[in-house]
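The values are calculated or read from the model by the stated rules, or taken from the named source; none is laboratory data. Fair warning: this is a prediction, and the values are worked out from it, not measured in the lab. In this analysis, Cβ positions are derived from the backbone assuming ideal geometry, glycine residues included, and neighbour counts consider all displayed protein chains. Side chains are part of the model used for accessible areas, which takes the heavy atoms of the whole protein and leaves out ligands, DNA and RNA. Shrake-Rupley method; radii C 1.70, N 1.55, O 1.52, S 1.80 Å.
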Amino acid sequence: TVRAYYRGAQVNPRIMGGAAHGEVTCVAVSDDGIRWRKPALGLVPFQGSRANNIILAPGAHGTHNFAPFIDQNPACTAGARYKAFGSARRPLHGLLPFASPDGIRWSLLSDTPVITDGKFDSQNVAFWDTVRGEYRAYYRDFQDRVRGIKTATSPDFLHWTPGEWLEFPGAGVHQLYTNQVIPYERAPHILLGFPTRFLP
């Protein structure tokens, strides 16, 4: 089964029709990656019903940019097989760590953000690095008013090193928004990134 996690929102009823509502996080599932279903999970009441595919309610931390992954850490417990980062709601600032036993029912691992040295309004990814034996995070920040990507590491997904900028010698200055860094499945010592360029 393939899962897609996505943000749902309706912020302008004049454009979209119907009543506006805040951001939620939803999940869709597929057996082939082509035909998708939105399961009625029964977790979150929304517009008078729980028959929906919402996993994070309106107003919850993380709904703007929830980014889950399956934890490959051999020491990972069954109750935290899935992990995710999501940005904190104001007045907090930073990335909050989430965990789940099934990828559907999520809980916070910390009430305070564990990474705070960045701008977190776009997608922020993390994973267990099987080669280096540590968690890695990739997230956006500004350097001299230019959007760029930082990386940080952690032994436990809760305590993180200060972020270090990714460098691209000889590439010139480009605004990079999201990053989508992942280990290459057949050669996990190689990390691939698929950044989005931002054109002001």
Exercise. Each residue of the range 167-176 in turn: what ³J(HN,Hα) in whole Hz from Karplus with 6.51, -1.76, 1.60 and θ = phi - 60°, glycine and Pro shown as x?
Worked result: 10, 10, x, x, 8, x, 9, 9, 7, 10
Exercise. Peptides 73-80, 178-185: what's the order by average Cβ count within 10 Å, highest mean first?
Worked result: 178-185, 73-80
Problem set entry | Dipole axis of the chain (+1 Lys, Arg; -1 Asp, Glu on Cβ), positive-most option in Gly170, Asn53, Trp128 | Asn53
Exercise. Quick one: in the range 117-200, what % of C-alpha pairs are over 16 Å apart?
Worked result: 52 percent
Problem set entry | Accessible-area ranking of Phe142, Phe168, Phe127, largest first, probe 1.4 Å | Phe168, Phe142, Phe127
For this session: Among Gly8, Leu96, Ala75, pick out the residue whose Cα is farthest towards the positive end of the charge dipole of the range 1-122, where Lys and Arg carry +1 and Asp and Glu carry -1 on C-beta, about the Cα centre.
Result: Gly8
Problem set entry | Total charge dipole magnitude, the chain, about the Cα centre, Cβ charges on Lys, Arg, Asp, Glu only, Debye to nearest 20 | 660 debye
For this session: Once you have all Cα-Cα distances for the chain, histogram them in 5 Å bins from zero and send the whole-percent values.
Result: 1, 7, 13, 18, 19, 17, 12, 7, 3, 1, 0, 0
Exercise. Per residue Cα convex hull volume for the range 1-111, in cubic angstrom?
Worked result: 124 Å³
Problem set entry | Accessible area of Glu164 in the full protein assembly, 1.4 Å probe (Å², nearest 10) | 120 Å²
Exercise. Any idea what the alpha-carbon Rg over 2.2 N^0.38 Å comes to for the range 136-177?
Worked result: 1.28
Problem set entry | All-pairs Cα distance distribution in the range 30-91, expressed in whole percent, bin size 5 Å | 4, 14, 15, 18, 23, 17, 6, 2, 0
For this session: Could you state how much accessible area His159 has, in square angstrom rounded to the nearest 10, with a 1.4 Å probe and all protein chains kept in place?
Result: 120 Å²
